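Here's the structure, in structure tokens; my notes come after.
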Amino acid sequence: MTTTLAWLVATLHATTHTPHGRLRGDRGEGVISAAIAVLIMAFLGALMWIGFQNMWVKVDQKTNDRIDHISTDR
């Protein structure tokens with residue numbers, strides 16, 4: 001068997017349908033896609049947490065400044 005023919009047979013064998021209707025070469029695609037989605041969601045969650053913490057510090061500081069301003073007016 002020549003190298004080209006062996007490569008062609010291996011390629012056809014890898015892309016034939018299994019009894020479950022899936023391609024043999026696509027077995028890990030769902031796991032990889034799920035992992036990418038989890039990483040994206042974790043990154044977005046981390047960004048949202050940093051933004052929330054930053055907002056909370058600013059609101060806390062502004063509230064304390066206004067309370068101090070009210071208490072010194074009297």
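Here are the numbers:
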| read-out | value |
| --- | --- |
| Some residue of the range 58-70 being at pLDDT below 95, in a helix (DSSP H, G or I) and within 30 Å of VAL9 (Cα to Cα) | no |
| Any hit, the range 25-47, residues being at pLDDT below 85 and in contact with a Lys or Arg (Cβ under 7 Å, 6 or more places away or on another chain) | no |
| Total residues in the range 43-70, condition small (Gly, Ala, Ser) and either over 12 Å from the mean Cα position of the chain (by Cα) or surrounded by fewer than 10 Cβ atoms within 10 Å (Cβ to Cβ) (or both) | 1 |
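The values are calculated or read from the model by the stated rules, or taken from the named source; none is laboratory data. Fair warning: this is a prediction, and the values are worked out from it, not measured in the lab. Every residue, glycine as well, gets a Cβ built from its backbone with ideal geometry; the counts of neighbours run over all protein chains shown.
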